[in-house]
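S.K.: My questions all concern the structure below.
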Amino acid sequence: MNLPNLSDARIRTKNRSVVKRDDYVVPDSVKNVGKGKYYFILTYGCQMNVHDSENISAIMEDLGYSKVDDMDLSDVIILNTCAIRENAHNKVIGMLGRIKHLKEKKPNIITVFCGCMAQEEGISKLLRDKYKWVDIVMGTHNIHKLPLYISDLLVDRKQEIEVFSIEGDIIEGIPFKRDSKYKAWVNIMYGCDKFCTYCIVPYTRGKQRSRLPKDIIDEVNDLVKNGYKEVTLLGQNVNAYGKDLDINYNMANLLEDVSKTDISRIRFVTSHPWDFTDEMIDVIAKYDNIMPYIHLPIQSGSDRILKLMNRRYTKEEYIELFNKIKKKIPNVSISTDIIVGFPSESDDDFKETLDVVKKLKYDLAYTFIYSPREGTPASKMKDDTSMDVKKKRLEKLNKLVNKYALMNNMKYKDSICEVLIESESDKKGKYMGYTDTMKLVNVDCGKEYLGQIVKVKITDVKTWSMDGVVVND
Ligand code: SAM
Ligand code: SF4
């Protein structure tokens, strides 16, 4: 048993991360253990978790299991959890209750609890003491060891908890079962060293570790060979890519090298404003296959709150960067993240956030009520704003955000956009995809367009999506 602890998770050394290429092993004892059996996986949280679940799915299929969408029919249940806000927590705890009932009926079901929540000291202890029936608890650093945990479990049926609070390594060679045949997530880095005071990620995901450029380029070339049209370069703070490598190679260099492959579309998330260089902006502007869409979280419009958040930029610096991006990258769309109700946020601070939104008129904003995370510096700050006031602020902010989302979308009415058709839409008889600027379009077309980038005329626009028809053959 190995439990996590927050003080170790906080440590950052100058040691270069180790790249491990042979650590994913499937023991003979479990090679076909899942034949004729099913796994069910539930993923909470960000793209990083979604992509981790693509790893976990491939590992399960390496063991012979097949995926099933109905939990009641499964032999293995995997919860890949998120710790970013309290509501993600609550959903997982609720789900554990449901699984317990199922396990009472089918005691041989294997239950796996992994992801960021497992990295939390309190949660792993809770699983040890109160949820003994959860068979395997593993963290974000040791997904590749799942076959070993299943092998051990089948021998002794004892709860296995192995969660490491370490800076972390780079594990190459874990297989993927990608959700899409056309667009793929490509990790370019793991972890985060920014330590924004509200955020649990640097503790749950370890230190910033950049993958080597060749490994990334090889993965993209492989995706191209397999017919993929779009890659999203993934990391908590992608603009800092390469800072931890001693090879004088940065995010601008990586973007340029990826753009020279034959991949049609390149996206990247998430950009911290602090590390966004002019060189990067120039590269994005120069290459047609780097999409003109940037997610640039501001978090707050008040310098006082930004300082308390340890965001390392002022409102003015952010606005200057925003304007530079708008000026240099034609047709760019920009989205953001905003937290309301950070400890001590006053009406005036909140008004400054509203003012920035009015000024910058974002294409889209993901808005959150601040949620205290145990062990983070902000969780110890005095917070005397009531939840009622925070909810009202969020409501006001969302109204404004929606107004500008619709206003930006209106510009697309009757225009022709390129859309990568990726799947059936929720709207009957339609297919959906995104424009280069990340606008969701429901397209009136047949399934022969799946996986193709097609020209679409926008016939109608709404706040969150648009409708269109194909105009090329
Ligand atoms: N690395 C990204 C960045 O720095 O912009 C963000 C990663 S985080 C998974 C996504 C968003 O969750 C953040 O931008 C922030 O707005 C929000 N978030 C993080 N911690 C939060 C907290 N304790 N309470 C509320 N929202 C939070
Ligand atoms: Fe969290 Fe800040 Fe790192 Fe983003 S940059 S993951 S908000 S600590």
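S.K.: Loop only by DSSP, 11 or fewer other Cβ within 10 Å of the Cβ. Give me the chymotrypsin sites (Phe, Trp or Tyr not before Pro) in region 32-130 that pass, ordered by residue number.
M.R.: Sites meeting the loop and neighbour criteria: none at all.
S.K.: Taking Cα atoms of region 276-404, Rg/Rh with Kirkwood Rh, to two decimals?
M.R.: Ratio of gyration radius to Kirkwood radius: 1.01.
S.K.: Out of all DSSP beta bridges with both ends in the chain, state the antiparallel percent to the nearest 5.
M.R.: Of all bridge pairs located within the chain, approximately 30 percent are antiparallel.
S.K.: How much length is gained on full extension from N87 to E61, taking 0.36 nm per residue of separation minus their Cα-Cα distance?
M.R.: Length gained between N87 and E61: 6.3 nm.
S.K.: Using label points projected 7 Å from each Cα along Cα→Cβ, tell me how many nm separate S386 and R128, to one decimal.
M.R.: Output for this residue pair reads 4.1 nm.
S.K.: How do H141, H101 line up, fewest other C-beta atoms within 10 Å first?
M.R.: H101, H141
S.K.: What whole-number value in cubic angstrom gives the convex hull volume per residue for the C-alpha atoms of region 31-106?
M.R.: In region 31-106, the Cα convex hull volume per residue is 83 Å³.
S.K.: If the limit is 24 Å between Cα atoms, which of K399/K439; K390/K427; K358/K411; K380/K403; K105/K132 go over it?
M.R.: K390/K427; K380/K403
S.K.: I would also like to ask the following. What does the extension gain come out to for K326 and L440, with contour length at 0.36 nm per residue minus their alpha carbon separation?
M.R.: Answer, rounded to one decimal: 39.0 nm.
S.K.: In addition: Per residue of the chain, what 222 nm ellipticity follows from adding -39500 (n - 2.57) for every DSSP H run with n ≥ 4, rounded to the nearest 500?
M.R.: Calculated mean residue ellipticity at 222 nm is -10000 deg cm²/dmol.
S.K.: Okay, moving on. Run the lone-cysteine check on the chain: no other Cys C-beta under 4.7 Å from the residue's C-beta.
M.R.: C46, C82, C114, C116, C192, C417, C445
S.K.: Can you bin region 208-323 into rounded, prolate or oblate? Criterion: square roots of the alpha carbon gyration tensor eigenvalues sorted a ≥ b ≥ c, rounded for a/c under 1.5, prolate for a/b above b/c, oblate for the rest.
M.R.: It comes out prolate by the Cα gyration axes.
S.K.: Report the gain in length on full extension from S423 to D193: 0.36 nm times residue separation, minus Cα-Cα distance, nm rounded to one decimal.
M.R.: Going from the current span to full extension adds 79.2 nm.
S.K.: Here's a follow-up. Where q = 0.13, 0.21 Å⁻¹, what log10 of I(q)/I(0) comes from the Debye formula for region 103-232, counting one point per Cα?
M.R.: Those come out to -0.70, -1.20, one per q.
S.K.: I want to check the label-to-label distance for K399 and D257. Put each point 7 Å from Cα in the C-beta direction and report it in nm to one decimal.
M.R.: 5.0 nm
S.K.: Next question. How big is the Cα convex hull of region 334-407 in projection, averaged over all directions, in nm²?
M.R.: 4.9 nm²
S.K.: What Kirkwood hydrodynamic radius, in Å, does region 136-210 give when the mean of 1/r is taken over all pairs of distinct Cα atoms and then inverted?
M.R.: So the Kirkwood estimate lands at 14.5 Å.
S.K.: Sticking with this structure for a sec: Counting each pair of different Cα atoms once, what's the Kirkwood radius of region 80-160 in Å, rounded to one decimal?
M.R.: Roughly 13.1 Å, rounded to one decimal.
S.K.: Please report, largest first and rounded to whole Å, the three semi-axes of the ellipsoid equivalent to the chain, where each semi-axis is the square root of five times an eigenvalue of the C-alpha gyration tensor.
M.R.: Three semi-axes, in Å: 35, 28, 23.
S.K.: Checking the cross-link filter: which lysines have an alpha carbon closer than 28 Å to that of K214, excluding same-chain neighbours under 8 positions apart?
M.R.: Result set, ordered by chain and number: K14, K20, K145, K177, K181, K183, K194, K225, K229, K243, K260, K286.
S.K.: A further question on this structure: Quick one: what does P(r) look like for region 325-473 with 5 Å bins over all Cα pairs, in whole %?
M.R.: The distribution over region 325-473 is 2, 9, 16, 15, 14, 12, 10, 9, 7, 4, 2, 0, 0, given as percents.
Every number in this text was worked out from the coordinates using simple rules, so none of it is lab data. As the structure is a computational prediction, the values presented were derived from the model and not from experiment. Backbone-built Cβ (ideal geometry, glycine too); neighbour counts: all protein chains shown.
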